[in-house]
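Written out below as structure tokens is the structure these notes cover.
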Amino acid sequence: ARNSSVGPLTALRTIESEKRYKVARAQSLRDRFKGCLLCRMPEDESFSKLQHWRVVENEFPFDKIARRSWIVMPRRCVGRWEKLTGAERSEYQGFRSDARRYDIDAFLWTTPTNPSLPGHYHEHVLQL
């Protein structure tokens, strides 16, 4: 099994961002009784309000390759794409189709076998 703290995503952050990410992730694992880390993050108001999804600024951006980095996640705390409702999937497909409106260049996600935060499905949205 691959060690999730040393994976391909590590290469996308500067050394400083990766250090901050590792500290925060360890803290999040210790504080998991306080609820989902992603659910506590403030929504980025520069994106149109979506009914089923939230967009938040990534506090640990992939700053080696991207100018801006966000995380898009369902409002409902659900761990896998397969668990999303039809309405959630449909709205997300619309968001992806409308990516150029927000100057989004790339979407990035981890595989189900190696999610960074397994309790809340999310994808990374990048402006390169």
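The values are calculated or read from the model by the stated rules, or taken from the named source; none is laboratory data. What you are looking at is a predicted structure, and each value in this text was computed from that prediction instead of being measured. Counting neighbours? That spans all protein chains shown, and the Cβs are built from the backbone with ideal geometry, glycine included. Areas reflect the complete protein model, heavy atoms only, side chains present, ligands, DNA and RNA absent. Shrake-Rupley method; radii C 1.70, N 1.55, O 1.52, S 1.80 Å.
Couple of notes before you dig in:
- The set of residues from segment 58-98 being touching a strand residue (DSSP E or B) at 6+ places or on another chain (Cβ under 6 Å) and open to solvent by 60 Å² or more (accessible area, probe 1.4 Å) comprises R67, R68, R75.
- Checking each residue in segment 55-101 for being assigned to a strand (DSSP E or B) and in contact with a helix residue (DSSP H, G or I) (Cβ under 8 Å, 6 or more places away or on another chain) picks out V56, I71, V72, M73, P74.
The rows are residues; the columns are (1) surrounded by 11 or more Cβ atoms within 10 Å (Cβ to Cβ); (2) touching a Lys or Arg at 6+ places or on another chain (Cβ under 6 Å); (3) modelled with pLDDT of 80 or more; (4) over 27 Å from K83 (Cα atoms).
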| position | (1), (2), (3), (4) |
| --- | --- |
| R25 | yes, no, no, no |
| R30 | no, no, no, no |
| K34 | no, no, no, no |
| C39 | yes, no, yes, no |
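- Count of segment 87-114 residues which are farther than 15 Å from L50 by Cβ and either among the small types (G, A, S) or free of Cβ contacts under 8 Å to residues at least 12 places away in the same chain (or both): 4
- Matching option when the condition is in contact with a strand residue (DSSP E or B) (Cβ under 7 Å, 6 or more places away or on another chain), hydrophobic (A, V, I, L, M, F, W, C) and either surrounded by 13 or more Cβ atoms within 10 Å (Cβ to Cβ) or within 17 Å of Y21 (Cβ to Cβ) (or both), among L50, L117, L126: L126
- Failed condition for Q127, given (1) within 16 Å of the chain's Cα centre (by Cα); (2) without any contact (Cβ under 8 Å) to a residue 60 or more places away in the chain: (2)
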